[in-house]
Amino acid sequence: MQDHIEAYCHVGLVHPAAFPEAVPGEGLVLETLTKIIEDDYFGAVEIGKIKDAGIRRQARQLLESARMDIIYAGSGQCFAGHASLSSPDSAMRAQALAAGKECIDYAYEMGAQIMTLASGGDPGEAQREEATRCLIDSLQQLCDYAQEQGESYILALSLENFDRDIARKQLIGPTREAAAIAQAVKEHYSNFGLTLDLAHQPLLGESIPDMLIDGTDDIIHAHLGNCVLQDGHPLYGDFHPRFDIAGGENGVEEVRTFLESLVYIGYFKKTLPTRMPVISLAVKPAEGETSGAVIASAKRVLREAWAKLGSEIWA
């Protein structure tokens, strides 16, 4: 592989994961966001909610000056407590819809092209069919709202699938089911797709190629991350530790396979809401680690994995 990865996509960084001190938008938001913006390795950034209106304005100015693609991380920001887009309880679902619309407003305010969403908790097998119908209806309502609020562009909403029975315990869930949801929503709204995350692949019990093949028609955003499935490990579950951490699931070889699979499904040639396809590094420092070291490590892993791709895969 002769070309750098920047010739094919924008590498992003998930700000709230990489800099936990900036969560929930009340800490060192501007200082840490500036570190990402001033690193020209990154062509995209994934941001969370910034509570203070004044800091939001300053952050928007920073982002406008940086010429980056922007993703709004609604998956972890919008739906607190028991609010769920898939809840059969009308009051709980109304609460989730109101939160989702507020997140859409924030996303437009910050100039984001994509906003991620989560399905809501898994109610169990007996109620999944009804919950799925509720989810589709909620997502269509939010897509409609995003279209109504758009002026110079239309925000795309992206469903991020999580594990169903280990850590996040979400309704969606298996990538094949996520794709079916996406197809149902896209029958009426074009501003919708999927975010697929390498960190969630082991938790879902899917192979990397199968996950991406199942999401071929719907993926509009990708995450690169790691997880731990070793019993008794302090980071067991979905905490996005650095790659190659002892007891972890993903390292250079898994990242290489993920990238190769993205090539295979045509992700790098897609026309997407962002200026270029985005692959966001989603890594979080553990106790005793620094953000800078974990970010640098992730960049090294991505460079090494990219270098291992053979030129023949592009033929």
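The values are calculated or read from the model by the stated rules, or taken from the named source; none is laboratory data. All of these numbers come straight from a predicted model, not from anything done at the bench. A quick note on method: Cβ atoms are made from the backbone with ideal geometry, for glycine too, and the neighbour counts reach across all protein chains shown.
Miscellaneous remarks
- Residues that are within 17 Å of Arg67 (Cβ to Cβ) and either assigned to a helix (DSSP H, G or I) or hydroxyl-bearing (Ser, Thr, Tyr) (or both), drawn from region 16-50: Leu33, Thr34, Lys35, Ile36, Ile37, Tyr41
- Of everything listed in (1) among the hydroxyl-bearing types (Ser, Thr, Tyr); (2) closer than 16 Å to Ala99 by Cα; (3) out of contact with any Ser or Thr (no Cβ under 8 Å at 6 or more places or on another chain), the single unmet condition for Thr175 is (2).
- The set of residues from region 153-192 being β-branched (Val, Ile, Thr), more than 15 Å from Met115 (Cα to Cα) and in a loop (DSSP other than H, G, I, E, B) comprises Ile166, Ile172.
- Residue within region 182-195 that is surrounded by fewer than 17 Cβ atoms within 10 Å (Cβ to Cβ), small (Gly, Ala, Ser) and without any contact (Cβ under 8 Å) to a residue 40 or more places away in the chain present: yes
- Picking from residues in region 115-140 that are within 18 Å of the chain's Cα centre (by Cα) and of a type in the set (Gly, Ala, Ser), the one that is surrounded by the most Cβ atoms within 10 Å (Cβ to Cβ) is Ser119.
- Restricting attention to region 216-252, the residues that are part of a loop (DSSP other than H, G, I, E, B) and over 14 Å from the mean Cα position of the chain (by Cα) total 21.
- Screening Ala118 against (1) more than 19 Å from Ile172 (Cα to Cα); (2) touching a residue at least 40 places away in the same chain (Cβ under 8 Å); (3) of a type in the set (A, V, I, L, M) leaves a single unmet condition, (1).
- Restricting the first member to region 238-255 and to residues that are farther than 21 Å from Ala307 by Cα, and the second to residues that are modelled with pLDDT of 95 or more and acidic (Asp, Glu), the beta-carbon pairs closer than 7 Å and six or more apart or on different chains are Asp238/Asp163.
- Flag for Arg168 being basic (Lys, Arg) and under 23 Å from Asp217 (Cα atoms): no
- Selection within region 205-234 - in contact with a His (Cβ under 8 Å, 6 or more places away or on another chain) and among the small types (Gly, Ala, Ser): Gly225
- Positions within region 259-294 being of a type in the set (Ser, Thr, Tyr), surrounded by fewer than 18 Cβ atoms within 10 Å (Cβ to Cβ) and assigned to a loop (DSSP other than H, G, I, E, B), in sequence order: Thr271, Thr290
- In region 166-183, the qualifying residues are those that are out of contact with any Leu (no Cβ under 9 Å at 6 or more places or on another chain) and within 15 Å of Gln201 (Cβ to Cβ), and the one that is modelled with the highest pLDDT is Arg176.
- Among the residues of region 98-114, none qualifies, meaning not one is free of Cβ contacts under 8 Å to residues at least 40 places away in the same chain, surrounded by fewer than 16 Cβ atoms within 10 Å (Cβ to Cβ) and part of a loop (DSSP other than H, G, I, E, B).
- Thr195 under 15 Å from Ala179 (Cα atoms), of a type outside the set (A, V, I, L, M, F, W, C), within 17 Å of the chain's Cα centre (by Cα) and in a loop (DSSP other than H, G, I, E, B): no
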